[in-house]
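> Please see the structure below; I have some questions.
Bear in mind that the values in this text are calculations on the coordinates, not laboratory data. All values reported here derive from a predicted model rather than from experimental measurement. Using ideal geometry, Cβ is built from the backbone for each residue, glycine included, and neighbour counts are taken over all protein chains shown.
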Amino acid sequence: MIGRLQAIPSERSGARCHGALVPCKAAGTVDYWNHNTAYHPMIVATAGQIDGDVLDIGCGEGLLVERLAEVSRSVTGVDRDEGAIRRALVRTAGLTNATAIEADFMEFDVSPGSYDLITGVAVLHHLDLESALRRSAQVLRPGGRLLVVGLSANKSVGDYVRSALLLPVVRLLSTIHHEDRSVPVVAMPPAESFAEIKRSASHQLPGVRLRRALYYRYVLSWTKPMGDQSTG
């Protein structure tokens, strides 16, 4: 089953369900907390400031797409996993400004400069890093924002020490938030270290900002310069 790209509404509709500006949750879909969804509030807050067209890379079963739809003009989720897209289509079925498409981000048929915000949570390590960053810059509009929550590999002594020191905090917060590990995901260990990711990102996206974060993740943020009309 392949999701189809739906027409983007001509005016801001919010997360509309039968004409109401309220989230519409499909039967059988639930919210949950894990090390990825912990970053959803930050991402949604950024999207709310932008109030534009959003692309979520590696959208999985669509929880972030659903949440982004509440504060964005339109949201498109892409994922190459057929099962995940089936679930995402169910979750977003009542939203007129959101859709999910079975597609590989690197081959996704989209015009350059189509989005105001591109998001990705725990997905960049599934792709060729530099190619994915270039592709993201290509499909962003000038002034658009790339916001990624990613995973990095432990390679240096410092990497291992930092992970060990944070382990008690991570376990405590996971318990407090009742971490749900039942959501099916396609897991793959990251290949690049934080230092390697930072080096590649700085080369591909001048001015990019990266910071280490909780739950063994990092946050990458980049704004495409207003005068940048590049198409890749």
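> When a/c is below 1.5 the answer is rounded, else prolate if a/b is larger than b/c, else oblate, so apply that to the chain with a ≥ b ≥ c taken from the square roots of the Cα gyration tensor eigenvalues.
In terms of gyration-tensor shape, oblate.
> Taking 0.36 nm per residue of sequence separation and subtracting the Cα-Cα distance, how much length would be gained by fully extending the chain between Asp109 and Ser221, in nm to one decimal?
37.9 nm
> Hey, with R₀ at 30 Å, roughly what FRET efficiency would Leu172 and Ser202 work out to, going by the Cβ-Cβ distance, to 0.05?
It comes out at approximately 0.35.
> Here's another thing I want to ask about it. Karplus couplings for region 115-131 from phi (6.51 cos²θ - 1.76 cosθ + 1.60, θ = phi - 60°), rounded to Hz, Gly and Pro as x?
So the J values, rounded to whole Hz, are 10, 8, 8, 10, 10, x, 10, 6, 10, 4, 6, 7, 10, 5, 4, 5, 5.
> Not counting the cut sites, what is the longest span of the chain without GluC sites (Glu not before Pro) that DSSP labels loop and that have at most 12 other Cβ atoms within 10 Å?
108-232
> I would also like to ask the following. Taking the Cβ of Ser156 as the centre, find all other residues whose Cβ is under 14 Å away and add up their charges (Lys, Arg: +1; Asp, Glu: -1).
Surrounding charge for Ser156 is +2.
> I need the shape label for region 58-185. Rule: rounded when a/c is under 1.5, else prolate if a/b > b/c, else oblate, with a, b, c from the alpha carbon gyration tensor. Each step should come with its number before you reach the end.
On the way: a/c = 2.02, a/b = 1.36, b/c = 1.48.
Since a/c reaches 1.5 but b/c is at least a/b, the shape of region 58-185 is classed as oblate.
> Let me ask another. Relative contact order for the chain using alpha-carbon pairs under 8 Å, separation at least 6, rounded to a whole percent?
Relative contact order comes out at 21 percent.
> Moving to a separate point now. Would you kindly derive the ³J(HN,Hα) couplings of region 90-104 from the backbone phi angles with the Karplus curve 6.51 cos²θ - 1.76 cosθ + 1.60 (θ = phi - 60°), listing them in order in whole Hz, with x for Gly and Pro?
5, 5, 9, 4, x, 9, 7, 10, 9, 8, 10, 10, 7, 6, 8
> Additional query: Give, in nm to one decimal, the length gained when the segment between Asp128 and Val90 is fully stretched (0.36 nm per residue of separation minus the Cα-Cα distance). Provide the component values of the computation, followed by the final result.
Numbers: separation 38, 0.36 × 38 = 13.68 nm, distance 2.95 nm.
That pair, Asp128 and Val90, stretches by 10.7 nm at full extension.
> Further question on the same structure: Along the charge dipole of the chain, Cβ charges K/R +1 and D/E -1, which of Ile197, Ala93, Gly158 sits furthest on the positive end?
The one lying farthest along the dipole's positive direction is Gly158.
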